[in-house]
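S.K.: Okay, here's the structure, questions in a sec.
The values are calculated or read from the model by the stated rules, or taken from the named source; none is laboratory data. This structure is a prediction, so every number in the text was calculated from the model and none was measured. Cβ: placed from backbone, ideal geometry, glycine included. Neighbour counts: every protein chain shown. To get the accessible areas, we keep the full protein, side chains included, count just its heavy atoms, and leave off ligands, DNA and RNA. Shrake-Rupley method; radii C 1.70, N 1.55, O 1.52, S 1.80 Å.
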Amino acid sequence: MQKYIAMLPDILLKMQSQLGAIRSLFIDGPAGRLEALLNSGAENATHAALVCHPHPMFGGTLHNKVVFHAMKALNSFGLHVLRFNFRGTGLSQGEHDEGRGEADDVRIALDWLDREFHLPVIFAGFSFGAAVGLRVSCPDDRVKAVIGLGVPVAPVDQRSYDFDFLRSCSKPKLFVSGSRDQFGPRAKLEPLVNSLHEPKKLVIIDSADHFFEGRLREMREAVEMWINQTIVV
């Protein structure tokens, strides 16, 4: 027993160093290689997670602050968390495809997670990443719960996203948005969420805009609280 106690600090240090360790990789996709980062989870992780970034034509990448904080929230529960750049973004090959090809990128990322860990997946997406990723993740049996951050129910330009598919999604669903989200106003988001099957939860962050500027901590805490209450990890 004394020998084990003496070894305990080294064991804990090793566990701490493994949790959150970052692995840089490329995933072969239909349009070429996709640049990705994996934040490693615990050895006994119960889930893996996928986080998708906002619109690449407006600066969205896997390094986006909302994406990063969502990753940190998921990884804090010991989950393996994968982020990747959509085609044509960063070091990912291919060209932007207005959400069509990007849906295939999400499927490829889910395939990679399945091969690597054989664990149920929690999906999280921000803005464009939510619009594209939720459509793929809701019907995919490997995904057990979904998170939409800043869901763009009212984009201000010619883009439009159809979220009717969510009405057939019976998985646990979390939606987090800012009270001043210019692309996801509460007046449009709330009726959509109200029309969906349980289980579901909508969290409105007071005074936050679409990017949760100055309110990233509250966004992250909302994700952590929901996982703690909803998902067995």
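S.K.: How much of the accessible area of the chain, probe 1.4 Å, is carbon plus sulfur, in whole percent?
M.R.: C and S fraction of accessible area: 52 percent.
S.K.: While we're looking at this one, here's another question. If amide hydrogens are placed 1.01 Å from N in the peptide plane, which non-local residues have theirs closer than 5 Å to the one on LYS200?
M.R.: Counting only residues 5 or more places away or on other chains, the set is LYS173.
S.K.: Also, I was wondering about something else. Expressed as an acute angle from 0 to 90° and rounded to the nearest 10, what is the orientation of the C-alpha long axis of helix 100-117 relative to the principal long axis of the chain?
M.R.: It works out to around 20 degrees.
S.K.: Helix 216-230: angle to the longest alpha-carbon principal axis of the chain, degrees 0 to 90, nearest 10?
M.R.: Taking Cα atoms only, the helix is inclined about 70 degrees.
S.K.: Rounding to the nearest 10 and keeping the result within 0 to 90°, find how far the Cα-based axis of helix 128-137 lies from the longest principal axis of the chain.
M.R.: Value to nearest ten degrees: 70.
S.K.: Name the most mobile residue of GLY99, GLY178, GLY59, meaning the one with the largest mean-square fluctuation, in a Gaussian network model of the chain with Cα contacts below 10 Å.
M.R.: GLY59
S.K.: Same structure again: Quick check: net charge around ASP28, other residues with Cβ under 15 Å of its Cβ, Lys/Arg +1 and Asp/Glu -1?
M.R.: Around ASP28, the charge tally is -2.
S.K.: Students often get this wrong: which residues of the stretch 45-61 have the backbone nitrogen under 11 Å from the point 7 angstrom along Cα-to-C-beta of ASP140?
M.R.: Output list for this probe position: 49-52.
S.K.: Once you put a point 7 Å from the Cα of GLU116 and another 7 Å from the Cα of GLN93, both along the Cβ direction, what distance in nm separates them?
M.R.: Roughly 1.9 nm, to one decimal.
S.K.: Using θ = phi - 60° and the Karplus relation 6.51 cos²θ - 1.76 cosθ + 1.60, list the HN-Hα couplings for the stretch 46-52 in order, rounded to whole Hz, with x at every Gly or Pro.
M.R.: Once rounded to whole Hz, the list reads 8, 9, 10, 9, 10, 10, 10.
S.K.: Just need the relative contact order of the chain here, percent rounded to a whole number, with Cα pairs under 8 Å and 6+ apart.
M.R.: Numbers: 482 pairs, mean separation 38.1, N = 233.
Answer for the chain is 16 percent.
S.K.: Further question: Fully extended, how many nm does the chain gain between ASP206 and GLU221 (0.36 nm per residue separation, minus their Cα-Cα distance)?
M.R.: 4.1 nm
S.K.: Calculate, in nm to one decimal, what ASP28 and VAL233 gain on full extension: separation in residues at 0.36 nm each, minus their alpha carbon distance.
M.R.: That pair, ASP28 and VAL233, stretches by 70.9 nm at full extension.
S.K.: Please report the net charge: other residues with Cβ closer than 11 Å to the Cβ of PRO199, K and R +1, D and E -1.
M.R.: Once all neighbours under 11 Å are counted, the net charge is +3.
S.K.: Skip the ligands, DNA and RNA, and give the accessible area per residue of the chain with a 1.4 Å probe, whole Å².
M.R.: Accessible surface, normalised per residue, equals 48 Å².
S.K.: Determine the equivalent ellipsoid of the chain by diagonalising the alpha-carbon gyration tensor, then write out the semi-axes as square roots of 5 times the eigenvalues, largest first, rounded to whole Å.
M.R.: Equivalent ellipsoid semi-axes, largest first: 29, 21, 16 Å.
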